Amino acid sequence: MISITDLFKSFGDEAVLKKVNTVFDKGKTNLIIGQSGSGKTVFMKCLVGLLEPDSGSILYDDTNFTALTGHQRTDIRKKMGMLFQGSALFDSLTVEENVIFPLEMFNKHMSRKEKLDRANFCLDRVNIHNVNHLYPAEISGGMKKRVAIARAIANSPDYLFCDEPNSGLDPQTAILIDKLISEITEEFQMTTVVNTHDMNSVMEIGQHVVFLHKGNLWWEGTAEEILTSGNKEVEHFVYASELMMKIKNTKRSS
Amino acid sequence: MILFIRLFRESAMFAWTSLIANKLRTILTLLGITIGIFAIISVFSIVDALERQIRTSIASLGENTIYIQKWPWEFSADYAWWRYMNRPTPRISEMDDIMRRTNVLEAATFTAFTNRTVEYQNRSIDRVSIMAASHDYDKVRFFELESGRYFSPTESSAGRNVAILGAEIAENLFQDADPLLKNLKIFGRNIEVVGVFDREGEDTFGNSHDETVLLPVNFVNSFINVNSDRYNPAILARGKDIYSSDEITDELRGAMRSIRRIKPAADDDFSLNQASLLSTQFDGLFAIIKIAGWIIGGFSILVGGFGIANIMFVSVKERTTIIGIQKALGAKNYFILLQFLAEAVILSLMGGLLGLLLVFTGTWMASMAFDMNLLLSMSNIMRGVNVSVIIGLIAGILPAWSAAQLNPVDAIRANT
């Protein structure tokens, strides 16, 4: 669980996060949505410790992350898995080596065999088979994304952060990836935070959705609730696409 | 480790693509290192060749051989040359006395020089170097005979009219004919050729038997006074191998002072010259040349080093994303640092190896064209490699450090 209390961050005179309060529960897929410039990225960076908030606190379970110094944060960081936008696999490493990378960096005392077993387990879990020795350039975009998920969970993280996990994927593959993230979140009882623009993802896996607007936590709820939030800004964001407008109209007429 | 190598390969491939895409920039950058290494290693190779040549020359003079002469080979700054003018020259009798009084010598010989015209039938050569030497000359100076023999003890002691010719003299005077047992005319006297020196070629000090005619000193002494200053007389004393050079010198100094009855407080009236003194003088000269090589090449390498640092900074900038991802996945600062350092070193090594290749080609061509014994030694190759590695490390440390200190903040929004 991640508890955020009064999180405030500004750049100069401009406040980017204005006392945000929320809780991301364990075993749930938590989505951060909002328009460009709403503060999503800054929020995510503050969560993973890449930016220091001006005030407020972030509690990882019982540990106050914001009160820790850089070195003291290492233990928490070891519990974080990260899924980058566009997979960000290392081109010169094979699929298997890519998954082993965080194990090599964080688990000096793990034997080579243990690392290999763990990598294979993770690859199996994301339904990647028989491509362990291929290079990223030799596999499809969807497979790359799944390998990236395998890499993100290699260290058995308690917290999983995903940045635009569907960018560059076709809608079908995007749905598969969304489902996979949701499944592993539940299966491994992780606290997953997804930063996304994609309303399909919101509808598919949004167990807890946080809508940011101009640095404020404007609205939060479930995917179902977002369609009937009654909040003008949220509706403006949700029904920005014609498809969503049709869904809205269909719901109203029915 | 394997992972590091693989990731390093990725960095290297990235860098390589960047280098290939900017060929001119790469060539200009590496040129500094290449020219620098070329300059330094060329100077070292040339100095090595000269040193080798000098040491060979000294060895031919005899490393343990001391020349007892009127004049010293090196003069101190406060040298009062007029004091040497009145010194007596070494004499043949003194050589015999030395041999009687000391037991540190293997052999000693008395030599004197003059220039005379050498005639054979209707051919003649002017101003040939005539060397008169006592019998043990062959035990002090090492040489090979192409044909014939050395003087017999009787010929030397009796002062017989026999000669050994230098290869050049024999060739010019007799051309294709065999000079052995032919009669030459020197000093207006008939002299029988009993041997011909093997061709030696001139060494650094101009010492060679090629253009010399060797005669028994007792023969020459019968019509000119070989002890005279104008014939540059000298006693060449070769010490036994078991004694050090200092022991031999001390022994000879004592013997000469005793022979000449020099009072304890008085200065020597003779000079004890040694070939190794010459090499000491050359050591100083070579040290200066080497320093000059370092300075000339050093500036070029400095420019090359700046170029590499510049390329590395660009490289870090271009790879911010990948650095960030590695760090976000747990890569430690040293891991990133090593990757970029290794890249800078490899870049510098490429320049250095190119420089070494130029030196190798240059030395090979010079050896072929000018009959020089120039070669790129393993020690110079290692020197070039070491300098390249050190420059790579120095030039790469700052960019690598900046890469290692990068905040992975940008990685989260990576566009990969």
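Screening B:ASN273, B:ASN310 for residues that are modelled with pLDDT of 85 or more and within 30 Å of B:ASN407 (Cβ to Cβ) leaves exactly one candidate, B:ASN310.
Within the range A:149-173, track down each residue that is open to solvent by 10 Å² or more (accessible area, probe 1.4 Å) and away from every other protein chain (no Cβ under 11 Å).
Correct list: A:SER156, A:ASP158, A:ASN166, A:LEU169, A:ASP170, A:PRO171, A:GLN172, A:THR173.
Among residues of the range A:69-88 being in a loop (DSSP other than H, G, I, E, B) and more than 8 Å from every other protein chain (Cβ to nearest Cβ), the one that is modelled with the lowest pLDDT is A:GLY70.
If we scan the range B:38-46, do we find a residue that is assigned by TED's automatic domain parsing to the domain that holds B:PHE370, open to solvent by 20 Å² or more (accessible area, probe 1.4 Å) and of a type outside the set (A, V, I, L, M, F, W, C)? Yes - at least one qualifying residue is present in the range B:38-46. Scanning the range A:89-120 for residues that are open to solvent by less than 20 Å² (accessible area, probe 1.4 Å), assigned to a loop (DSSP other than H, G, I, E, B) and facing another protein chain (nearest Cβ under 7 Å) returns A:PHE90, A:SER92, A:LEU93.
Where in the range A:141-236 are the helices (runs of 4 or more DSSP H), entirely inside, with at least 3 residues that are modelled with pLDDT of 90 or more? Even if it seems obvious, please write down each step before you answer.
Details: elements: A:141-153, A:171-187, A:199-205, A:223-226.
Those helices (runs of 4 or more DSSP H) span A:141-153, A:171-187.
The values are calculated or read from the model by the stated rules, or taken from the named source; none is laboratory data. What you see is a predicted model; the values in this text were computed from it and never measured. In this analysis, Cβ positions are derived from the backbone assuming ideal geometry, glycine residues included, and neighbour counts consider all displayed protein chains. To get the accessible areas, we keep the full protein, side chains included, count just its heavy atoms, and leave off ligands, DNA and RNA. Shrake-Rupley method; radii C 1.70, N 1.55, O 1.52, S 1.80 Å.
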